[in-house]
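Undergrad: Pasting a structure below so you can have a look.
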Amino acid sequence: MAHQLAAMLVLLLASPAAMRAAAAAGAGACAGEKFPAGRTYAACEDLPSLGAALHWTYDASKSSLSVAFVAAPAGTGGWVAWGLNPTGEGMAGTQALVALKGSSSSAPTVKTYNITGYVPLGGASTPIAFPATDLAADEGSGGKIRLYGKLQLHKGMKSVNQVWQVGSSVTGGAPDKHAFGPANLASKAKLVVVGSKATATSPASEPAPAPMAGGPSPSAGSDSGASSSVAPTAGKNAATAAAVSAPALAVVALVGFLAIV
Ligand SMILES: *[C@@H]1O[C@H](CO)[C@@H](O)[C@H](O)[C@H]1NC(C)=O
């Protein structure tokens, strides 16, 4: 009986949802980013192009999304940008936050732009559809710029297209045109804010340990029926898999195993 329980526990912890949560919380390069004190985010995601990453916390009760976008500009004195596009997938329609380094030695300045198409941007911010507060930027390691902000999303928004970009120069306080290489054109993805582990009900706190954040709750029910008939050896295999891809999970599984045995 103890063995069966242990096997079940291991299976629960190694469930796909828990594994995904562990991967999202700890596996990517973004997890190594060290922000200044007071800036913590519930989740991070290495974005699929331009070496960029997004860190975020979503407060569902306020529909408020706190982000830190990290990317290296295409040249020293360049700019990095990240935004949400509620009306399309590409650049046109993007409600963007742009951090411009320029030639100044001070911290990059942040501006907002309602990007209507491939037209040059001016030196002044334009209003965007998501009220933006707490805008700031600093310089991270490796010449990266870290762009911070908080966006007021529309109520009930669950997933939204995100678009990002980097450029090499700034003229008159405005971002110059970026390159149009494959990586520049591939810089878009979907950001899922509700139902993801990044959903937080309180202000940003330390990232939760992986196994707790993903929560075995919904998958626990569906997995438990099958696991009662699984032999302990199968459970050991699952434990090995967990150990390879998620050491944290394996530790929890081991503690659970010892507690039961
Ligand atoms: C952004 O620009 C589009 C196109 O000109 C316009 O329809 C929209 O109202 C603008 N959004 C904001 C928030 O000003």
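Undergrad: Given the whole protein assembly as supplied and a 1.4 Å probe, what does the accessible area of H154 come to in Å², nearest 10?
TA: About 90 Å², ignoring ligands and nucleic acids.
Undergrad: Also, I was wondering about something else. In the range 123-176, which trypsin sites (Lys or Arg not before Pro) are in a loop and have at most 10 other Cβ atoms within 10 Å, using DSSP for the loop call?
TA: Working: sites: K144, R146, K150, K155, K158; in loops: K144, K155, K158.
Qualifying residues, ordered by number: K155.
Undergrad: Rounded to two decimal places and with Rh computed the Kirkwood way over Cα pairs, what is Rg over Rh for the range 100-172? Walk me through the intermediate numbers first.
TA: Values: Rg = 13.7 Å, Rh = 14.2 Å.
Using Cα coordinates only, the ratio equals 0.97.
Undergrad: Quick check: residue separation of S168 and T76 times 0.36 nm, minus the Cα distance between them. What number comes out in nm?
TA: Numbers: separation 92, 0.36 × 92 = 33.12 nm, distance 0.68 nm.
Extra length from S168 to T76 when fully extended: 32.4 nm.
Undergrad: Then there's this: Quick one: if you stick a label point 7 Å off each Cα along the C-beta vector at T116 and V192, how many nm between them?
TA: It works out to 3.5 nm between the two label points.
Undergrad: Per residue of the range 173-187, in order, report the coupling 6.51 cos²θ - 1.76 cosθ + 1.60 (Karplus, θ = phi - 60°) as ³J(HN,Hα) in whole Hz, putting x for Gly and Pro.
TA: x, 10, x, 6, 3, 8, 5, 10, x, x, 5, 5, 8, 9, 7
Undergrad: Here's something else I'd like to know. Testing the spin-label approximation: label points 7 Å from Cα along Cα→Cβ at A37 and A179. State their distance in nm.
TA: 3.9 nm
Undergrad: Enumerate the amide H contacts of N161 below 5 Å, restricted to partners 5 or more residues apart or on another chain; note that Pro and chain-start residues carry no placed amide H.
TA: Those qualifying (amide H under 5 Å, at least 5 residues apart or on another chain) are N85, L191.
Undergrad: What are the lysines whose alpha-carbon lies under 28 Å from the alpha-carbon of K144, with same-chain residues fewer than 8 places away excluded?
TA: Answer for K144, where 28 Å is the Cα cut-off: K34, K101, K111, K177, K188, K190, K197, listed by chain and number.
Undergrad: On to the next question. Any idea of V192's accessible area? Nearest 10 Å², probe 1.4 Å.
TA: Result for V192: roughly 70 Å² accessible.
The values are calculated or read from the model by the stated rules, or taken from the named source; none is laboratory data. Since the structure is predicted, the reported quantities are computational estimates derived from the model, not experimental observations. Here Cβ is always computed from backbone atoms with ideal geometry, including for glycine, and neighbour counts include all displayed protein chains. Side chains included, ligands, DNA and RNA excluded: accessible areas come from the protein's heavy atoms. Shrake-Rupley method; radii C 1.70, N 1.55, O 1.52, S 1.80 Å.
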